[in-house]
Amino acid sequence: MLIFFICIALLVLAFKFYAPFVERQAGIDPNAQTPQARFNDGVDYVEVHPLKAYLIQFLNVAGVGPIFGPILGALYGPVALVWIVLGNIIGGAVHDYFSGVLSIKEDGKSLPEIAGHYFNIYFKGLMLVFTAMLLFFVGVVFIMSPAGLLSNLDMFEGTILASNTFWVLVILGYYFLATLLPIDKIITKLYPLFGLLMIVMTLSIAAALLFNAPHLPVANDFFAYFDHSHYHEELLKPNPNGLPVWPLLFVTITCGAISGFHSTQAPIMARCLTNEKYVRPVYYGAMMSEGIVACVWALAGIAAFPGGYAELKSILDAGGPGLVVNQVATTYLGVAGGVMAIIAVAVFPITSGDTAFRSLRLTIIDAFKIPQSIRNRLFLAVPILVIAYFMTKIDFSLVWRYFAFSNMLLSTSVLWLATKYLFDRGTIHWIVSLPATVGTAVTISYIATAGIGLGLELSLSNPIGIATAIICLVGLIIADKKRRAVPA
């Protein structure tokens, strides 16, 4: 129990003391006119109160990622909590913060446009491909996961509401409206309420686990993880199929630790903030909050089941992380509380899915300078959602693997983009360049060894990933020395 509270305390302390240091490097100007004031168009550039903006950003980035990912990552044992907390503080929160900074400094533009400004047209093209790919996979995942949760509710058994296809079509219909309508018609009205719902649900699950869970992790579990001679028989089973922590845990748990998807959501609120000083509480604050959600669900996977990791794995094999949510919510909150929690967990990915497709529309419009008419929005939304429908027929685990990889790839790219921003400013770029280096090693190692990549042995893929990261770091050190040698 103490370990869980230490994890939460570290996240809060980082927001209190590390975030202001990060902010000082970014060049925030409270007197600068924001994109919202310059380009108010009644569609995407709309004034939003900072508290509402925080709740919307929190809901946009949270979705099902910090729930499903940590549940899957719990198979690796208590080390999952370590990765969530360290990844969030060192990488994820800084990544989200600079995603907001870059967007608000660049007129609320999307990532590819910002990349083109700071690097060149080729990097812009790569970022456009990465961003569009990730947004599309996020949208598809966030159709499939809530549809699966809702169709499997016992209360719907024997009715049309038990049909997965029915819920897929309902969610797609909602996405169609939410993608087209101005942001203040649905998102700014409903999403703050849904954000509060996520906070209440998370606190309820956390309290229930801390008082009733049979296997709360203790300090010895962390040391035992690295010393198998003293590790309990049951806890020797955390790695699914014997898969290694590096690099797989880092890709399994992205949301809550570090997620490239969050950077794609940055322009939505960057176009709505009324002052640059709100970037820290909105973006850094939302990511810290997501880290807390991730810790709660990692704790659920680690501690909630009397049969330990073996029981967790059997439930995952039977119905995936959605079934784990069902079991945890029903067991610890009762039938009524369980149904409410499950419906809430179904709502959260829907609210991220619609903003994923909205962001995809904005990204394409920005990249090709398409006017924001309703006709053009229709021409973009309809084919995207039709293709997304057919993608829902593909195996969920395959879509999730592509989503997880593209998530890490994009987050690493954004950290390098933030490095260039701070490098040009002459401030401390190591706060983003060091996590970018680690992200490079993880990304290259994973795609080199994964079945969706090169399929190499770990003995070869890991050195390739680490060597690539070291080359990037050495190049940055050389460039930094050259910059310092130039007279001011």
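The values are calculated or read from the model by the stated rules, or taken from the named source; none is laboratory data. Note that the structure is a prediction, hence the values are computed from the model and not measured. Reconstructed Cβ throughout: ideal geometry from the backbone, glycine too, with neighbour counts over all protein chains shown. Just so you know, the surface numbers come from the protein's heavy atoms only, side chains and all, with ligands and any DNA or RNA stripped out. Shrake-Rupley method; radii C 1.70, N 1.55, O 1.52, S 1.80 Å.
What's the longest uninterrupted piece of the chain once you rule out the chymotrypsin sites (Phe, Trp or Tyr not before Pro) that are loop residues per DSSP with at most 15 other Cβ within 10 Å?
Looking at the chain, 227-488 is the longest stretch - no exposed chymotrypsin sites (Phe, Trp or Tyr not before Pro) with at most 15 other Cβ atoms within 10 Å.
Placing dummy labels 7 Å off each Cα toward the beta-carbon, the span from LEU86 to ASP29 is 3.9 nm. Probing with 1.4 Å while keeping every protein chain in the model, the per residue accessible area of region 140-205 equals 44 Å². Please report the net charge: other residues with Cβ closer than 14 Å to the Cβ of HIS262, K and R +1, D and E -1. It works out to a net charge of -2. Gain on full extension, evaluated as 0.36 nm per residue between ALA467 and LYS481 minus their Cα-Cα distance, stands at 2.9 nm. FRET efficiency for the pair ALA162 and ILE186, taken as 1/(1 + (r/R0)^6) with r the Cβ-Cβ distance and R0 = 22 Å, rounds to 0.25. With loop membership from DSSP and a limit of 12 other Cβ atoms within 10 Å, the longest segment of the chain without trypsin sites (Lys or Arg not before Pro) is 1-368. Any idea what the relative contact order of the chain is, in percent, if you count C-alpha pairs under 8 Å spaced at least 6 apart? Result for the chain is 31 percent. For region 349-427, rounded, prolate or oblate, judged on the Cα gyration tensor with a ≥ b ≥ c (square roots of eigenvalues), a/c < 1.5 rounded, else prolate if a/b > b/c? It comes out oblate by the Cα gyration axes. On the basis of the beta-carbon distance and an R0 of 35 Å, VAL129 and VAL200 show a calculated FRET efficiency of 0.35. Rounded to the nearest 0.05, what FRET efficiency do GLU457 and ILE6 have when you use their Cβ-Cβ distance and R0 = 41 Å? So, using R0 = 41 Å, E works out to roughly 0.65. Selection among VAL325, GLY116, VAL43 by position relative to the dipole of the chain gives GLY116 as farthest towards the positive end (Cβ unit charges, Cα centre).
Maximal additional length on extending the ASN376-MET391 stretch stands at 3.1 nm, based on 0.36 nm per residue less the C-alpha distance.
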